[in-house]
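Novice: Could you have a look at this structure, given as structure tokens, before my questions?
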Amino acid sequence: MRARLDVDLDAFAANLQRIRETVAPAQHMLVVKDDAYGHGLSMIVPRAVACGLGWFGTFDVSTALAVREAAGPAPRVLAWTIYDDTDIDDAVAGGIELGVGDDGLLDDVARRARATGSPARVHLKIDTGLHRNGIRPEGWAATVARARGYEAEGLLSLDGVWSHIAEASDEEDDAARAVFMQASAALEDAPVLRHLAASAAAFARPEFRFDLVRIGAFAYGIRPAGGPSDQALGIRPIATLVAEVVAVADGAAVVDVGSVDGLDSRLAGRLSAATPAGPREIVGIDAFTTRIRLWDGARLGDEVALLGGRAPSTATDAAELLGTIGEQILLRISPRVPRRYR
């Protein structure tokens, strides 16, 4: 196919710099779940390392190991979903730190360390009210004591305390932060790294930054739906969905990308594409093709930008029309659409 997703690695580097300046002195943990939000982990990770990034966050161990391969031995990598003993063993062997959110998993980590002779680096998760997992506040002191006991045996090192927050309202987030602060205080005998905030809270509320911030979306230039503009945040989208005209018929220029490739058909009549003659309405999105209102002089091979940084509308603009978030718009773009890096 002639359509592609152009990924601007210089724009990515500029976003990383913007994040670094905004959250300092906290460190930025770049979240690279879902193949770096669909941008391509194998190219995103080395560029981040070249920019001096020292932390990566992943949903699962398999992604964490891919990050380790792409990043080399120096950066620290955290995986926060562990499924079984194989995950634990592979993570520890690969130098991956583990997000642990329940006593059973903590016991499993210690058990595998006894069996292999290799201690794990652990970040304990406190449930601050989102209930995505995590140790309940009423059980936190007992779990910390349990972890400290395993640490004394040389089975693990307790390196971090963390949580997720809803980012639904300041009031809910303030309540979550209060729980987090109380949990952190239980570890003051031997300080650990603290991380609570993701993209939106990390930018808007300095008191949520602590030692690390886990930022994914903003690094790729994905602003929050209903939130501040790209310009206000100082970030820009790094990806653009680009296609070539493959036919001119019935008053439309046709490009070979459609709903099967992840361009939602509900966006027809609601977005414009950037064409050689300026913005033109997207009039139809079928399974494998998209039709754009014709312009004078349109010809086969003309390039149009349908969505993203060089298009009239970003992924979040589209998301707001559909009642979703920008990440979901980008993640719908099929792997069959090739990625090109510049």
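The values are calculated or read from the model by the stated rules, or taken from the named source; none is laboratory data. Treat the numbers as computed from the prediction; the structure is a model and nothing was measured. Ideal geometry is used to build each Cβ from the backbone, glycine not excepted, and the neighbour counts take in all protein chains shown. We work out accessible area using only protein heavy atoms, side chains counted, and drop any ligands, DNA or RNA first. Shrake-Rupley method; radii C 1.70, N 1.55, O 1.52, S 1.80 Å.
Novice: Can you tell me the 0 to 90 degree angle between the C-alpha axis of helix 170-185 and the longest principal axis of the chain, rounded to 10?
Specialist: Here the helix axis deviates by roughly 30 degrees.
Novice: On to the next question. Any idea of the accessible area per residue across the range 168-314, 1.4 Å probe, to the nearest Å²?
Specialist: For the range 168-314, the solvent-accessible area averages 42 Å² per residue.
Novice: I need the GluC sites (Glu not before Pro) found in the range 185-259, filtered to DSSP loop residues with at most 10 other beta carbons within 10 Å of theirs.
Specialist: Glu188
Novice: Oh, and also: Express the accessible area of the range 1-109 per residue in Å², computed with a 1.4 Å probe while the remaining protein chains stay in the model. Can you show the working numbers first?
Specialist: Numbers: 4010 Å² over 109 residues.
Each residue of the range 1-109 exposes 37 Å² on average to a 1.4 Å probe.
Novice: Diagonalise the Cα gyration tensor of the range 240-297 and give the resulting equivalent ellipsoid semi-axes, square root of 5 times each eigenvalue, largest first, whole Å.
Specialist: Working: eigenvalues 54, 28, 22 Å².
One finds semi-axes of 16, 12, 11 Å for the range 240-297.
Novice: Tell me what the chain gives for mean residue ellipticity at 222 nm when only DSSP H runs of n ≥ 4 count, each as -39,500 (n - 2.57), the sum divided by the residue total, rounded to 500 deg cm²/dmol.
Specialist: Value at 222 nm, helices only, nearest 500: -10500 deg cm²/dmol.
Novice: Round to the nearest 10 and give me the degree value, 0 to 90, for the angle of helix 41-50's Cα axis relative to the longest principal axis of the chain.
Specialist: 70
Novice: Okay, next question. Could you look at the chain and say what percent of its accessible area is carbon and sulfur, using a 1.4 Å probe and all protein chains?
Specialist: Summing carbon and sulfur atoms, their accessible area is 50 percent of the total for the chain.
Novice: Using only the alpha carbons of the chain, what is the convex hull's orientation-averaged projected area in square nanometres? Before the final figure, lay out each step's value.
Specialist: Values: hull surface 70.1 nm².
The number I arrive at for the chain is 17.5 nm².
Novice: So which GluC sites (Glu not before Pro) in the range 108-184 are both in a DSSP loop and have at most 13 other Cβ atoms within 10 Å of their Cβ?
Specialist: Answer by residue number: Glu153.
Novice: Provide the net charge surrounding Leu233, with neighbours chosen by a C-beta distance below 13 Å and charges set as Lys +1, Arg +1, Asp -1, Glu -1.
Specialist: Net local charge, Leu233 excluded: +1.
Novice: Taking 45 Å as R0, compute the FRET efficiency from the Cβ-Cβ separation of Ser229 and Tyr83 and round it to 0.05.
Specialist: 0.70
Novice: For Leu307, list long-range residues whose amide hydrogen, built 1.01 Å from N in the peptide plane, is under 5 Å from its own amide hydrogen.
Specialist: The list, which skips near neighbours in sequence, is Leu241.
Novice: Helix 9-23 versus the longest principal axis of the chain: what angle, 0 to 90°, nearest 10, using Cα atoms?
Specialist: Approximately 40 degrees, to the nearest 10.
Novice: Give the separation of the Cα centroids, the range 164-228 to the range 237-265, in Å.
Specialist: 38
Novice: Further question: Sorting check: for 177-183, 39-45, which peptide has the highest mean count of neighbouring beta carbons within 10 Å, and how do the rest follow?
Specialist: 39-45, 177-183
Novice: How much FRET efficiency would the formula 1/(1 + (r/R0)^6) give for Glu320 and Glu281, where r is the Cβ-Cβ distance and R0 is 30 Å, rounded to 0.05?
Specialist: After rounding to 0.05, the efficiency reads 0.95.
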